[in-house]
Every structure is written in structure tokens, then in C-alpha cells.
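Each remark here refers to the structure printed beneath this line.
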Amino acid sequence: MKLISISLRNLRIRLVATVLTMMSIIVATALYAAILVMAEQTEARYEGSIGGFQAIAGPNGTSELELVLNTIFNVGEASGRIPLEVCDHLRKSRGRMFRRGQVRYAIPQARGDSISRFNFPVVATIDEMFSKFEWRREPLRFAAGGPFEYSWDQLVELANGLAAHENGTRAEVDVIPDRPLLQEEWRKAVVGSRVARSLSLKLGDVVTPIHGKVGEFGTHPHPEAACAIVGILEPTNSPIDSTIYLPIGIHLLIDGHGSGVFIDKLIPGKSPVQLESMPVDPMRIALTAVIADPLDHMGSQILRKQFGSHDEAQVAWPQDVVPKFLRQIGNAADALAVIAWLVLLVAAVSITVAIYNTMNERRREIAIMRSLGARRFQILAIITGEATLLSFFGAVLGLVACHTAQYFMRGTVEDLTGVYLDWTIFKMWELWLVLGVSGIGAIAGLAPAVKGSMTQVADNLAQNY
Amino acid sequence: MIHLRDVQKSYSRGDQTVLACAVDRLDIESGEQVALIGRSGTGKTTVLHILAGILRPDRGEIEVAGARLDKLGEAARDSHRGHNIGMVYQTFNLLQPFTALENVLMGALFGCGAGGDAKERATALLEKVGLAERMHHRPSELSVGQVQRVAICRALINDPLLVLMDEPLGNQDKATGGQVLDMMLQIASDDNKTVVMVTHDPESAERMQRTVDLATLRGDLAGAQQ
């Protein structure tokens with residue numbers, strides 16, 4: 001038998017009071033841990049996810065943060081469009097804007113559709129996403145299958161065909177060139193690991209894009225764009241896992257997109273109506289973003305300078321934008337952490353009150369132990385031990401509650417914020433949190449412990465309860 | 001074993017001082033079994049608490065089991081009590097949430113330590129008093145006689161030099177309690193332990209080797225009560 005056995009027994013015989021008091025510790029610890037986990041995993045997620053996205057070209061008029069959040073983290077909607085020529089210029093690395101080669105790759109992306117009730121975003125792109133794009137300096141790997149084939153040249157050819165048809169329509173000529181048709185061999189999709197896992201998808205399964213997101217106004221399916229899955233990506237623990245990649249040709253030929261796939265170039269003195277009747281350039285095909293990887297520091301400086309004065313596009317640098325964003329999140333997390341500490345303080349006071357209130361009824365029990373030879377410090381240790389154990393178990397259960405909540409809410413949190421909560425990760429700070437909360441509990445137990453240790457032995461032994 | 005000289009203890013009650021006990025001289029030798037008797041209010045329990053080191057007298061010399069308790073601080077007296085003195089109370093004072101075995105072990109915990117062979121000793125003691133089958137029962141699940149035996153085992157767990165008993169038959173029928181008391185005295189006698197029992201019950205006192213009336217120890221202090 002040890003002193004701790006007596007402390008444990010005392011907690012057990014006052015089970016209801018113990019559980020109720022412990023609840024406040026559990027809530028406080030779980031709250032604090034959840035805030036830390038969210039802040040930490042958000043930071044890890046956002047910092048880890050920018051590998052591979054060195055520069056993102058997107059439309060002017062939107063914030064860099066919005067552009068980065070939408071393109072990398074699938075958060076929010078694409079708030080504008082840029083013409084294909086921006087991507088073309090980047091790829092050719094020439095022209096008036098660019099005087100030297102400055103990017104390794106420039107990959108066009110078009111968004112706006114989604115799949116399933118989870119609203120997994122559909123990204124229409126070209127096959128270079130799987131051959132040239134580098135995720136943390138390595139190409140995306142496939143867990144099963146492989147990439148679809150849809151090249152830049154096919155995109156340009158399609159753009160020419162669409163432009164010819166559109167120009168014929170606008171000019172109201174007798175023989176309008178046919179609108180290019182969606183080719184059966186394009187109906188192929190590559191899905192991220194989480195998409196495959198959540199929807200139990202395997203190679204050969206068919207996915208049907210939905211315009212917009214489930215639950216939004218105007219949402220409708222695109223059965224004509226249904227694609228068979230040809231590749232499932234390995235997990236990256238990034239938003240790539242929650243993405244469906246389709247050939248951009250499908251996106252451009254989906255029913256209803258029609259002339260909306262072009263962006264009319266603004267010409268001074270021309271009204272929008274007049275612009276709609278003017279010929280379109282194939283390179284005015286609309287994209288939502290271009291992912292580019294500058295060759296070197298010089299390349300990025302040139303991009304910065306040239307996009308700084310571009311009249312339709314801007315370039316965002318995730319390495320600059322994300323840390324600023326995280327600092328803002330960090331400030332919010334700090335504020336929430338203060339609240340969690342206040343809850344913990346209240347919980348500590350409740351421990352003091354709960355144990356202090358038992359001291360009167362325990363005078364005889366303490367006197368008996370003292371008569372058996374217990375020193376004052378041993379009584380102090382027993383009562384402080386009760387508070388410490390109460391806090392310790394509360395803290396441990398609080399962490400368990402936090403991880404359990406992560407397990408059950410990881411999908412919802414990812415859908416809402418793009419942050420994947422990995423409930424299996426235990427960090428060293430959790431151990432410190434348990435020790436810290438236990439320490440606070442020990443301090444909370446001091447007042448009743450001192451009162452208990454001051455119990456008069458002879459007086460209380462004489463009482464016959 | 002026990003030597004008391006000119007010991008006096010009083011309490012304040014409002015603006016009055018009440019003399020609780022006064023002992024001119026008391027000597028009890030090692031291995032003796034002595035009954036301290038006296039009418040209610042003569043300070044029997046106070047003397048017992050002074051011998052245990054629970055109370056410190058206002059004055060006087062107290063030597064118990066080789067230690068001058070009047071010169072020791074509270075922690076030292078607690079330690080001395082835990083190691084050298086076993087106590088049996090009128091109400092037995094077992095802790096209700098703990099089993100018989102745990103109650104006995106608690107005596108060891110605050111005495112010589114509950115580690116090592118303490119559990120074997122506790123088990124052996126409980127078996128010796130016939131509680132082998134009941135050692136995992138709580139006091140509320142035991143009869144008064146069984147509770148008394150657990151209290152005796154707890155008093156003996158540290159192999160004390162001195163056993164102090166406060167009205168050990170006060171709460172039970174004389175026949176059953178008497179048998180248990182005889183058992184206790186026999187164990188103490190076998191191990192040459194000193195036993196001091198305070199009682200107002202002549203029948204209990206007769207079981208002891210010697211009886212001391214506290215009134216006779218008060219001497220010229222007998223009239224000092226104010």
C-alpha cells in the first residue's frame with residue numbers, strides 16, 4: 001500500500017464528485033489541445049502544401065491569399081479568369097513580357113466543378129501535371145494506374161477549333177466550322193488518395209462532375225463529361241489528395257460552357273456588347289490559374305516585375321502569402337488559447353472547492369491516519385495527490401477526447417478548411433500539457449491539503465460518528 | 001518502558017482552564033500489562049494520548065519506549081508512534097473505504113513501511129486472529145468482533161514495543177469482546193509487548209496484570225482543577 005493508493009481510493013469513493021470535477025478538466029484540456037492541434041496542423045498543412053507551387057498566376061482583382069487558397073488548398077471559389085495566353089507566354093518564355101526563359105513548367109488549370117456530396121474539387125488540366133509538376137521536388141506518384149494523356153498541343157488545337165467555331169458564329173457566316181467534339185479517349189480521370197478512399201473508388205469506376213458544389217444554387221451534373229478513373233495518386237497529405245484531375249478539353253467542351261470559355265480582351269472605346277461580336281483569339285481561352293515554377297531566383301524576380309504591371313493577371317507566391325496567413329491564424333489561436341487557459345483556471349478552482357468541501361467530513365479519517373503515525377506532510381501528500389490525480393486523469397481523458405474528436409471530425413474539418421487532422425499523431429507537447437495540468441491540479445489541491453494536515457488529532461478521534 | 005513524572009495537561013474553555021489530567025509519577029516496565037482505570041472525566045484518554053505522543057503535556061517528563069516525548073517535536077512524535085506504538089480504540093477507528101487487509105497495511109504504511117514483507121505480515125496476523133476468509137471485506141461487512149480483531153492486527157503490524165488500548169470492549173458484548181481481548185493479551189504476552197489499557201470496566205481491568213487508578217496518581221494535584 002502506498003499514499004497514492006489512499007488518494008485513488010478517496011477519489012473512487014466520491015465518484016460522482018470526482019467525475020463532475022474531472023469533466024471541467026477534460027473540457028479545458030481538450031479545448032486547449034484542440035486549439036493547439038488545429039493551429040499546428042493548419043501550419044503544417046499550409047506550409048507543407050506549398051511545396052511544388054512556387055508561383056501561381058491568376059486573375060487581377062483578387063487577393064493573392066484568395067488565389068493561393070483556391071488554387072492550392074481548394075478553399076473558396078475561383079474569383080476570376082485569365083486567358084490561356086498568359087500560360088502560353090510563360091511556357092514560351094518569350095514575347096514582349098518575357099525576355100528570357102524563366103520557368104521550368106507552366107501548367108494551366110481550370111476549376112469550377114466538383115464531385116460527390118463531399119464537393120471534391122475538379123481541376124481540369126493537362127498531363128504535365130503528372131509528368132512535370134513536382135510535389136516537394138518529386139513528381140506525383142501513382143498508387144494505382146497512371147496519368148491520362150492530354151497534352152498542351154491538344155489544348156492549343158482545341159482552342160483553335162473552338163475559336164474558329166466561335167468566330168464563325170460571331171461573324172454569322174454561312175458555313176460555321178463545327179464545334180470540336182469531346183473525344184472518348186479524353187474521358188479519363190486521375191483522383192487523389194482521399195477521394196478514392198472516401199468514395200471507395202477504384203480504377204475503371206466512373207466519376208461525373210457537377211457544376212458548382214452540391215447544395216449551391218444552379219448546381220447540375222454533367223453526365224456528358226463522365227470520366228473513367230485511370231489513376232489513383234499516392235497520399236501526399238495535402239489538398240492534392242482531395243482533388244480530381246480531368247483533361248482540360250473536357251472542361252472546355254462541357255455543355256453550357258459554350259462561348260463562356262473565352263475571355264474577351266478589353267479594348268478602349270468598345271462596349272462589352274461590341275466586344276462580344278468581335279473575333280476571338282484562341283489564346284483567349286479562360287483559365288482560373290497557371291502553376292509555374294521559376295527556374296531560379298532571377299526567373300522569379302523577372303516574373304515579379306513583369307506580372308507587377310500586367311493588365312489581366314498577377315502572380316502570387318505561396319511562400320510569401322502562406323506565412324502571412326499563418327501569422328494571422330496564429331494570433332487567433334493565441335486568443336483562443338487564453339480562453340482555454342481561463343477554462344482550465346476555473347477547473348482548477350473547482351478542484352479546490354470540491355476537495356475543500358470534503359475536509360470537514362474527513363476530519364476523523366485524517367485523525368485516524370495521524371494516530372497511526374501519519375505525519376502532516378503525508379496527509380498533505382494524500383490530499384494534494386487526489387487533486388493531482390484528478391487533474392492527471394482529466395488531462396489524459398481530455399487528450400483522448402481531443403484525438404477522438406479529430407477522428408470523427410477530420411472529414412468535416414477538411415471540407416471546411418482544407419486542413420486534414422491526423423488523429424494518430426501524438427506530440428511531445430501533449431505530455432507537457434498533461435504534466436502542466438497535473439501541476440496546476442496539485443497547486444489547486446494545496447489549500448484543502450493544508451487544511452487537512454492541520455486537523456486536530458485528539459479532538460477528532462474523540463468524536464464518535 | 002513508560003516513565004511519567006509530574007505530568008500535567010489542561011485545556012482552555014473560554015476564560016476557564018480545565019485540568020484534563022495530572023500524573024505525579026507512573027512507571028510501567030517492559031512486558032507489563034497495565035489497566036489505567038478511573039471514573040469518567042479523570043483524564044484516562046488524555047493520558048493515553050500523551051503516552052502516544054498525540055498530545056503534548058503542559059509540563060512534566062514523559063519517557064516512552066526509550067524516547068523523551070516531552071522533548072520531541074510533533075513530526076518526531078508521529079514517527080515514534082508509528083514505529084513503536086500500536087493503538088486500539090473503543091470505536092476501533094477502521095477506515096470504511098478500505099478492506100480489512102488494507103486497514104492493517106495502513107498501520108504499516110505510517111509505521112515501518114508497507115513495502116517488503118508487510119503484506120505477508122498483515123496476512124499472517126489476520127489469519128492468526130481467524131480472519132483469513134474476511135481480509136478482503138470492508139469494515140461494514142464485518143461483525144463488531146471481527147472489526148475489533150482487525151483493529152488489533154493493525155495495532156500489531158509494526159511489531160510495536162507498546163500497545164495502547166482505549167476501552168477496547170466499550171462497543172460490544174463482553175463475552176465476544178473478552179475472548180478477542182484475551183487473544184490480544186496472549187499475543188502481546190508471547191512477544192513480550194507492553195500493554196496499557198484505559199477502561200472504566202472492572203471486568204476488563206481484571207484481565208491485566210496490574211491496575212492503576214488514575215485518581216491515585218494525581219497526588220497533591222488532585223485539587224488543582226480550577
**Prompt:** Within segment A:9-27, can you find the residues that are surrounded by 15 or more Cβ atoms within 10 Å (Cβ to Cβ) and either more than 8 Å from chain B (Cβ to nearest Cβ) or touching a helix residue (DSSP H, G or I) at 6+ places or on another chain (Cβ under 6 Å) (or both)?
**Reply:** A:10, A:11, A:14, A:17, A:18, A:21, A:22, A:23, A:24, A:25, A:26, A:27
**Request:** Confirm whether residue A:372 is in contact with a strand residue (DSSP E or B) (Cβ under 9 Å, 6 or more places away or on another chain) and either aliphatic (A, V, I, L, M) or on the phi > 0 side of the Ramachandran plot (or both).
**Result:** yes
**Complete:** Residue pairs within 6 Å by beta carbon, gap of at least six or interchain, first lying in segment A:321-333 and surrounded by 14 or more Cβ atoms within 10 Å (Cβ to Cβ), second part of a helix (DSSP H, G or I) and of a type in the set (A, V, I, L, M, F, W, C), listed first then second, are A:321/A:65; A:321/A:68; A:325/A:65; A:333/A:35; A:333/A:39
**Request:** Of the conditions (1) in contact with a helix residue (DSSP H, G or I) (Cβ under 6 Å, 6 or more places away or on another chain); (2) crowded, with 18+ Cβ neighbours inside 10 Å, residue B:109 clears all except one; give me its number.
**Result:** (1)
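Quick one: would you say residue B:122 is facing chain A (nearest Cβ under 10 Å), within 27 Å of residue A:14 (Cβ to Cβ), among the hydrophobic types (A, V, I, L, M, F, W, C) and buried (at least 24 other Cβ atoms within 10 Å of the Cβ)? Reasoning before the result, please.
Details: facing chain A (nearest Cβ under 10 Å): yes; within 27 Å of residue A:14 (Cβ to Cβ): yes; among the hydrophobic types (A, V, I, L, M, F, W, C): yes; buried (at least 24 other Cβ atoms within 10 Å of the Cβ): yes.
Considered against the rule, which asks whether it is facing chain A (nearest Cβ under 10 Å), within 27 Å of residue A:14 (Cβ to Cβ), among the hydrophobic types (A, V, I, L, M, F, W, C) and buried (at least 24 other Cβ atoms within 10 Å of the Cβ), residue B:122 comes out as yes.
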**Request:** For segment B:61-87, name all the residues that are more than 25 Å from residue B:108 (Cβ to Cβ) and buried (at least 18 other Cβ atoms within 10 Å of the Cβ).
**Result:** B:62, B:70
**Request:** Those residues that are at pLDDT below 80 and touching a helix residue (DSSP H, G or I) at 6+ places or on another chain (Cβ under 7 Å), I need them from segment A:271-306; list them, please.
**Result:** A:277
**Prompt:** Under 7 Å by Cβ, and 6 or more places apart or on different chains, what pairs join a residue from segment A:356-367 that is of a type outside the set (Lys, Arg) with one that is not in a helix (DSSP H, G or I)?
**Reply:** A:358/A:14; A:365/B:95; A:366/A:455; A:367/A:455
**Asked** Can you tell me which residue in segment B:102-119 is nearest to the chain's Cα centre (by Cα), limited to those that are under 14 Å from residue B:153 (Cβ atoms), within 9 Å of chain A (Cβ to nearest Cβ) and touching a residue at least 12 places away in the same chain (Cβ under 8 Å)?
**Response** B:107
**Selection count, segment B:74-100, where residues are in contact with a His (Cβ under 7 Å, 6 or more places away or on another chain) and either outside any helix (DSSP H, G or I) or at the interface with another protein chain (Cβ under 9 Å from one of its Cβ atoms) (or both)** = 1
**Message:** Any residue that is assigned by TED's automatic domain parsing to the domain that holds residue A:201, at pLDDT below 85, at negative phi and part of a strand (DSSP E or B) - is there at least one of those in segment A:120-128?
**Reply:** no
**Item:** Whichever residue in segment A:20-48 is of a type in the set (Ser, Thr, Tyr) and farther than 20 Å from residue A:396 by Cα and, among such residues, is modelled with the highest pLDDT
**Value:** A:42
**Request:** Can you confirm whether segment B:144-152 contains a residue that is small (Gly, Ala, Ser), at pLDDT 80 or above, closer than 27 Å to residue B:40 by Cβ and surrounded by fewer than 19 Cβ atoms within 10 Å (Cβ to Cβ)?
**Result:** yes
**Residue that is within 14 Å of chain B (Cβ to nearest Cβ), out of contact with any helix residue (DSSP H, G or I) (no Cβ under 6 Å at 6 or more places or on another chain), buried (at least 17 other Cβ atoms within 10 Å of the Cβ) and among the aliphatic types (A, V, I, L, M), where the choices are A:374, A:405** = A:374
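For the subset of segment A:407-439 comprising residues that are at pLDDT 75 or above and in a loop (DSSP other than H, G, I, E, B), which member is farthest from residue A:35 (Cα to Cα)?
Applying the first criterion (at pLDDT 75 or above) to segment A:407-439 yields A:407-413, A:421-439.
Of the ones still in play, those that are also in a loop (DSSP other than H, G, I, E, B) are A:421-427.
Numbers: A:421: 12, A:422: 14, A:423: 14, A:424: 16, A:425: 15, A:426: 14, A:427: 14 Å.
Restricting to residues being at pLDDT 75 or above and in a loop (DSSP other than H, G, I, E, B), the top hit is A:424.
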**Prompt:** Does residue A:295 count as among the aliphatic types (A, V, I, L, M), touching a strand residue (DSSP E or B) at 6+ places or on another chain (Cβ under 8 Å) and buried (at least 21 other Cβ atoms within 10 Å of the Cβ)?
**Reply:** no
**Asked** Looking at this structure, is residue A:421 more than 30 Å from residue B:79 (Cβ to Cβ), outside the structural domain of residue A:243 (by TED's automatic domain parsing) and in contact with a Lys or Arg (Cβ under 6 Å, 6 or more places away or on another chain)?
**Response** yes
**Complete:** residue A:369: passes all of (1) more than 14 Å from chain B (Cβ to nearest Cβ); (2) part of a helix (DSSP H, G or I); (3) surrounded by 15 or more Cβ atoms within 10 Å (Cβ to Cβ) but (1)
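With the requirement that a residue be hydroxyl-bearing (Ser, Thr, Tyr) and either within 14 Å of chain A (Cβ to nearest Cβ) or part of a helix (DSSP H, G or I) (or both), what does segment B:125-159 give you?
Listed by number, the list holds a single entry, B:140.
The values are calculated or read from the model by the stated rules, or taken from the named source; none is laboratory data. It should be emphasised that the depicted structure is a prediction, and the values quoted were computed from it without experimental measurement. Positions of Cβ are backbone-derived with ideal geometry, glycine not excepted, and every protein chain shown enters the neighbour counts.
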